Amino acid sequence: MARGEGKEDNNCHSTVKADTYLDVAQCVAGEISEFAVIAEGEEHTTWFIWLLVCCCTISGLLFGYDTGVISGALVTIDGDLGPAQLSNGQKEFITSATTLGALLGGLVAGAMSDWTGRRPVLGIADIIFIGGAIGQAVSHTVWSMIGCRFLIGIGVGLASCIAPLYIQELSPTRLRGRMVVLNVVMITLGQVIAYGIDAGFANINEGWRWMVGLGCAPATLQLALLAYLPESPRVLVRRGNMEAARKVLSRVYALATSAQVDLKLKVLHATVERSIEIANSTTFWERFRSMFSNPVNRRALTIGCGMQAFQQLCGFNTLMYYSASLFQEIGFNQPTAVGLIISGTNFLFTLFALKYIDIVGRRKIMIFSAPGMVFGLTLASIAFHYMTIHTGGNLIAGVHYPHGWAGVVLLSMIIFVALYATGLGNVPWQQGELFSLEVRGIGTSLSTATNWAANLLIGSTYLSLMSAITPAGAFGFYASLCLLGWLFCVFCFPDVSGLSLEEVQSVFKTGYGIQESARLRRVKREIREREKARF
């Protein structure tokens, strides 16, 4: 609604006179507040929203670039770090150091952001990115490379936790999922750019130094832009800074009238009032323990951590880290270029998710995409079995494998990545919407740490697993984990699309809320339809 549309503005102004806290209390009781739905009425997106989100998603670009660039770097380092050739153990250390750093960074990010605010944590992540990228570029020993990879991993962990959370707290409800997926789009774009740069520098002497060093450029850009971004209005309300929160809301909802902005602020304050009371009357450790002792928080944490574990245990990031090495072993002459096909598929199908995640819903996307991932991994397992049948089931350097089966492996990876990008690559990063404000930082930290812990497990054991149980066995193992993840979605994962961050808490009061979330979304849709009919 544009400024000056008198009839609707008068109606909103009269609605403001209602007892805000009494009406919004329906949310606490497990019902949708009509008052809150009316407050969401003006949610047109403006250039400011898109500029803000695009700036935040540079963190995603950095995340994706760093995970993608190491794949090409590992096959071109040669003897630049001391040994004539890096051993499998050294490759695993270099790869896993980033993941270990990200685990620690993700673990502290949310709690740190509750104390400092969301924006400063992104700035700290950028500074760490810059230092780590430059450090990698000038490394001359394996251990200095590992140390800089660990440092940059801390930045990755901070950014991967806070960027989606920051975006969620600033986004209109109806576009919240899409805005977070935009961050994932930038992750996949970062991986595409990384593979492109890997291919461009692959035949240049010590070109890998340029590959890893260029990561400091986007970090520097984001660090400069952060000065112009606002703090999350929910953090400002929690601190009692209502005037600053109102200014942020008026910029986010630039087309809303003054009365509508006041209404949004009153509803926001009313719905988070209980969270503010809890935050002001408890210590950090009491809130941390409540993640396990409080049934609502425990269910939300189970879903957040479960989805993040599923995302990593399916084995996707082994392709990001080792795809060039894998395709080189099975006979592709340009393994980095083939890896670019994989990352390009990831990027394109993430765009599909960007379009439909708020329309189709998180749960449906997961239920229908995960079985396709199981199929892709199973097909890869079968292809590896027949490809290596004459080499005892193992991939052996220098052996020429049948091109037909190598093509099937590539096809299976494309199928797997396409379905991953459609659902599992995006949905777990909606984790911030599961938690109430007083524990949102803690909940997102624990969920993000679960992601990186599972990533560390998969990344550090991939080469050893391929050797111990053969490539066919390894990909079959990943397929079985993927199947278990799909069953977790079927029985435990609710769809909270269209519910505000505050309304989501009602979903977990009596269980995992699959039916309750559907009921609340239906009630909210009916209220919206009644409001439209009035005009």
Completion exercise
Placing +1 on each Lys and Arg Cβ and -1 on each Asp and Glu Cβ in segment 444-535, then taking the dipole about the Cα centre, the residue among PHE477, GLN505, LEU463 whose Cα reaches farthest towards the positive end is GLN505
Practice task
Assign unit charges at the C-beta atoms only (+1 for Lys and Arg, -1 for Asp and Glu), then state the dipole size of segment 438-535 relative to its Cα centre in Debye, rounded to the nearest 20.
Solution key: 440
Problem - Within the chain, helix-based [θ] at 222 nm, where runs of 4 or more DSSP H residues each add -39,500 (n - 2.57), nearest 500 - result: -26000 deg cm²/dmol
Fill in the blank from the handout: When the charge dipole of the chain is computed with +1 on Lys and Arg Cβ and -1 on Asp and Glu Cβ about the Cα centre, the Cα farthest towards its positive end, among PHE493, LEU265, VAL138, belongs to LEU265
Problem - In segment 497-535, the trypsin sites (Lys or Arg not before Pro) that fall in loop regions by DSSP, at most 14 other Cβ within 10 Å - result: LYS509, ARG534
Exercise for the section: Please work out the average accessible area per residue across the chain, using the 1.4 Å probe convention, and give it in Å². Expected result: 38
Practice task
For helix 47-56, report the angle its Cα long axis makes with the longest principal axis of the Cα atoms of the chain; keep it between 0 and 90° and round to the nearest 10°.
Solution key: 40
Practice task
Take the solvent-accessible surface of the protein heavy atoms, probe 1.4 Å, and return the percent of it on segment 121-275 that carbon and sulfur atoms account for.
Solution key: 66
Fill in the blank from the handout: Answer in debye to the nearest 20: the dipole magnitude of segment 125-274 about its Cα centre, from +1 Lys/Arg and -1 Asp/Glu charges placed on Cβ, is 660
Exercise for the section: Would you mind counting up the charge near GLY157? Only other residues with Cβ under 13 Å from its Cβ, with Lys and Arg at +1 and Asp and Glu at -1. Expected result: 0
Problem - Range in the chain, longest, excluding exposed GluC sites (Glu not before Pro) [loop by DSSP; at most 16 other beta-carbon atoms within 10 Å] - result: 207-535
Handout entry: Percent carbon-and-sulfur accessible area, segment 448-535, ignoring ligands, DNA and RNA, probe 1.4 Å
Key = 63
Problem - Alpha-carbon spread of the chain, three principal axes, descending order, Å - result: 78, 44, 43
Practice task
On a 0 to 90° scale, report how tilted helix 216-225 is relative to the longest principal axis of the chain, with both axes built from alpha carbons and the result rounded to the nearest 10.
Solution key: 10
Fill in the blank from the handout: In degrees rounded to 10, the 0-90 angle between helix 437-492 Cα long axis and the longest Cα principal axis of the chain is 20
Exercise for the section: Might you report the magnitude of the Cβ-based charge dipole of the chain about its Cα centre, with Lys and Arg at +1 and Asp and Glu at -1, to the nearest 20 debye? Expected result: 800
Completion exercise
With the charge dipole of segment 141-287 built from beta-carbon charges (+1 for Lys and Arg, -1 for Asp and Glu) about the Cα centre, the Cα from LEU182, GLY157, THR220 projecting farthest to the positive end belongs to LEU182
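The values are calculated or read from the model by the stated rules, or taken from the named source; none is laboratory data. If you're wondering where the values come from, they're calculated on a predicted model, not measured in any experiment. Every residue, glycine among them, receives a Cβ derived from its backbone with ideal geometry; neighbour counts consider all protein chains shown. The area values use the complete protein model at the heavy-atom level, side chains included, leaving out ligands, DNA and RNA. Shrake-Rupley method; radii C 1.70, N 1.55, O 1.52, S 1.80 Å.
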